[in-house]
Amino acid sequence: MDFISILSIFVMACFVGYYVVWSVTPALHTPLMAVTNAISSVIIVGALIAAAAAGSAGSKWLGLLAVVLASVNIFGGFAVTARMLAMYKKKDR
Amino acid sequence: MCEEAIPGGCAQVADAMTSAANAALPHAATPAWAMLAYLASGVLFILALRGLSSPSTSRAGNRYGMIGMTIAMVTTLVTHIPVIPGTEPDEFYNAVYWDFASFGEILAAIAIGGGIGWVIARRIAMTDMPQLVAAFHSLVGLAAVLVGWAAYLNPEAFGILGADGQINPVSRLEAGLGIAIGAITFSGSVIAFLKLAGKMSGAPILLPLRHVINLGTLIAILGLTGYFMTDQSLWVIATITVLAFLIGFLLIIPIGGADMPVVVSMLNSYSGWAAAAMGFTLHNTAMIITGALVGSSGAILSYIMCKAMNRGFLSVIAGGFGAEAGPAGEAKEQRPWKRGSAEDAAYMLGEAEKVIIIPGYGMAVSQAQHALREMADLLKAKGVEVKYAIHPVAGRMPGHMNVLLAEANVPYDEVFELEDINSEFATADVAFIIGANDVVNPAAKTDKSSPIYGMPVFDVDKAKQVFFIKRSMGGVGYAGVDNDVFYMDQTLMLLADAKKMVEDINKGLAH
C-alpha cells in the first residue's frame, strides 16, 4: 500500500472514531478507556513480526518483550472490561 | 492508471515492483487475505466501541473486540511463521523450514503476558481502576517504543528497507514518531500511575522554568525526528527515545491529583497515536484504524473533562492547578455551620419523598458504595425516591463513579448525568453529598474570582435539606476554595469517614 492509501484509511478512521466515541454513554466512559487500552495493544502485530523474524537477535528479543507487554494489556484489558460491563444492571422489576 | 502507451509497459512496471518488493522483503509482502483479515479486525474494533453506546449492547461489543484481536494476532502469526535462517521465500509454506523453537518462544511470551494480565484483571479492586488504566497505558507506550526499535534494528523484517540498503526515509519518520509518542505515553503513564496509586504525592511538583524546558525538549524531539529522515545513525534515534521519556515525565509531574481524569484520557489518546504511527510503519490497516479510534476516543474524553471543569486543555497540561491557593481557610473568617449526627440524617432521610445522592472521590477512598446502596435500599423500602447524580469529573477518571455504583449493584437507570438531573434539585427533599465538594460549590456560578468559576455544578442549594459527608472541616476540596454550601441554613455537616457515617445512618434507618 502506498502512503496516500494508508493516510486515507487513517483520516477516515479518525472521523469514524469521532462519531462513535461521542455516542458512547458517559456511564460507560471507564469501560471505554479500558477497552481502548486493550485494542491499542494491536501493536502486538508489530511485536510478533519482530519476534518471528530472523536476522537480528536484538530486534527479536525486543519483539518478544513487546509481545509480553502487549499480551498483559490485551488479556488484562478485555478481561477487566468484561468484568466491569457485567456489573451494569437495570432495575429489577 | 497505467495506460497501454508502451506495449507491455504495464506488465514490466508491475514485474519490477513485485520483484523489488520480494527482493527487499523475503516474506513481509502481506498476502491479500491477510490484508482483508486486518481490515476485518479493524471493523470489529469499531463495533466494540459502538457497543458502548448502551450497557445492554456493551457486552457484545467487548466480544467483537476480542474476536478482532484474535483475528489480528492469528493472521500475523500465520503470515510470519519463523523460518530457519537462509531459507528461500518460496520455501516458507514448507513446514520443514519452520523454526519451531522461535515459534514456541512467541507462544510462551503471549502466555506469560496473557496470564499476568488475566490475573491482574480478576483481582483488581474497582476503586483502583484509574491506576490500573494508567499502568496499562504505560505498557502500550513501552511496547510501541520496543517495536519501533525492533523495526530500526531489523528493517528488512518490517519491509521498510529501501533499495539503497537504508531504511525508507518516510518509514524512519513514522517509526521515530511512534517511538517518541510511545515513550511519552510510557513515562507519563508511570507518573500518573504513581500519583493515582498514592505512591507519589498528588500535589503538583513545579520546576522553575518548566515551560521553557518542556517546550525546548519538544522542539528538540521534533527536530531530531525530522533529521532522522536524512541520517539514520543510532545516536539520533537513541536521543529521541531518551528525550521523549524525559518529556513524558516532565509533562505529568506538575499536574495535580484531581486533574488526573484529563491526564489519563490524554495518555489514552497518546497510546492510540503511537499505535497509529506504528501502523503507518507497518502498512497495517488494523493498527491504523485502532490507533485513530483510540486517539480520537482519548481526545474526546479529555475535551469532555476539560469542559466539565471549565478549563482550557492547555491550562490543565501546563499544570500547577491548586498549587498557588495557600493553606486552606487561612485568612478566612470563621463562619457558623451546623453539625448533624447519623440519627438526624436517618430520621430526615426517612421522612423525605425524594433524595438525590451526589458521590465524589471521597466515596471511592472510603469504599462507601456498598453501604450507600444499602442506604438507598432501606429508603426505597420506606417509599422514598432515590436518584444518583454524577458529575463528569467526579472521581479520578471518566465514568469512575458509575463503575463503583455498578459494582455495588446500583441499577444504571437510577444514575443520572449532570444536565439530566440538575433541574430536579428544586423538587428534592434531600441532597446527600458524599465525598464530593467542588462539584457542588455555588462559587462556580457566582464568584468570578474563584478558580472554579464557570464550571458546571449541581444546584444543591435548591434542595430543601442538604447533608454533606466530609471527614473534617479542614480540607476544602481540590481547588482549595471555600464552599458556601457548608454554611447554608439547610445544610447539616456529617463529619466522619464516609463509609462509617453511611453505616451509622443505615442502623438508624433499620429500626
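The values are calculated or read from the model by the stated rules, or taken from the named source; none is laboratory data. These figures come from a predicted structure and were not determined experimentally. Cβ sites come from the backbone with ideal geometry, for glycine too, and all protein chains shown count toward neighbours.
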Exercise. State whether one or more residues within region B:498-510 are more than 21 Å from B:Glu351 (Cα to Cα) and not in a helix (DSSP H, G or I).
Key: no
Quiz item: Out of curiosity, is A:Leu69 more than 27 Å from B:Thr57 (Cβ to Cβ), modelled with pLDDT of 95 or more, buried (at least 24 other Cβ atoms within 10 Å of the Cβ) and of a type in the set (A, V, I, L, M)?
Solution: yes
Exercise. Return the pairs, sorted by first residue and then second, in which the second residue is of a type in the set (Lys, Arg) and buried (at least 24 other Cβ atoms within 10 Å of the Cβ), the first residue lies in region B:271-296 and is closer than 19 Å to B:His137 by Cβ and facing chain A (nearest Cβ under 7 Å), the beta carbons are less than 9 Å apart, and the residues are 6+ apart or on different chains.
Key: none
Practice problem: State all residues of region B:46-62 that are farther than 13 Å from A:Thr81 by Cβ and crowded, with 17+ Cβ neighbours inside 10 Å; if no residue qualifies, say none. | Solution: B:Ile46, B:Leu47, B:Arg50, B:Ser53
Quiz item: Going by the conditions given, is B:Phe136 within 20 Å of B:Gly279 (Cβ to Cβ) and either at the interface with chain A (Cβ under 10 Å from one of its Cβ atoms) or at pLDDT 90 or above (or both)?
Solution: yes
Self-check item: Hits in region B:297-317 (condition: among the aliphatic types (A, V, I, L, M), at the interface with another protein chain (Cβ under 9 Å from one of its Cβ atoms) and touching a residue at least 60 places away in the same chain (Cβ under 8 Å))
Solution: B:Leu301, B:Ile304
Quiz item: Which condition number does B:Pro456 fail, the rest of (1) assigned to a loop (DSSP other than H, G, I, E, B); (2) surrounded by fewer than 17 Cβ atoms within 10 Å (Cβ to Cβ) being met?
Solution: (2)
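Residues are listed down the side, and each one gets a yes or a no for (1) surrounded by fewer than 21 Cβ atoms within 10 Å (Cβ to Cβ); (2) at pLDDT 90 or above; (3) under 18 Å from the mean Cα position of the chain (by Cα):
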| residue | (1), (2), (3) |
| --- | --- |
| B:Ala275 | no, yes, yes |
| B:Phe280 | no, yes, no |
| B:Ala292 | no, yes, yes |
| B:Ser297 | no, yes, yes |
| B:Ser302 | no, yes, yes |
| B:Lys307 | yes, no, yes |
| B:Ala318 | yes, no, no |
| B:Lys332 | yes, no, no |
| B:Ala371 | no, yes, no |
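Table: residues versus (1) part of a helix (DSSP H, G or I); (2) aliphatic (A, V, I, L, M); (3) within 25 Å of B:Val264 (Cα to Cα).
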| residue | (1), (2), (3) |
| --- | --- |
| B:Arg172 | yes, no, no |
| B:Ala183 | yes, yes, yes |
| B:Ala192 | yes, yes, yes |
| B:Lys195 | yes, no, yes |
| B:Lys199 | no, no, yes |
| B:Ala203 | no, yes, yes |
| B:Ile213 | yes, yes, yes |
| B:Ile219 | yes, yes, yes |
Exercise. Test B:Ala376 against the stated conditions and say whether it is in contact with a helix residue (DSSP H, G or I) (Cβ under 7 Å, 6 or more places away or on another chain) and small (Gly, Ala, Ser).
Key: no
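Hey, could you check region B:400-431 for residues that are part of a loop (DSSP other than H, G, I, E, B) and aliphatic (A, V, I, L, M) and say which is surrounded by the most Cβ atoms within 10 Å (Cβ to Cβ)? Before the answer, list the steps.
First pass over region B:400-431, keeping only residues part of a loop (DSSP other than H, G, I, E, B): B:408-411, B:428-429.
So of that shortlist, the ones also aliphatic (A, V, I, L, M) come out as B:408, B:410, B:428.
Numbers: B:Ala408: 19, B:Val410: 26, B:Ala428: 24.
By that ranking, first place goes to B:Val410.
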Quiz item: Would it be correct to say that B:Leu146 is modelled with pLDDT of 95 or more and under 24 Å from A:Ala52 (Cβ atoms)?
Solution: yes
Exercise. Quickly run through region B:53-82 and pick out the residues that are among the basic types (Lys, Arg) and at the interface with chain A (Cβ under 7 Å from one of its Cβ atoms).
Key: B:Arg59
Quiz item: Quick check: anything in region B:99-114 away from chain A (no Cβ under 11 Å) and of a type in the set (A, V, I, L, M)?
Solution: yes
Quiz item: If we keep just the residues of region B:406-446 that are closer than 30 Å to B:Ala125 by Cα and of a type in the set (D, E, K, R), which is farthest from the other protein chains (Cβ to nearest Cβ)?
Solution: B:Asp438
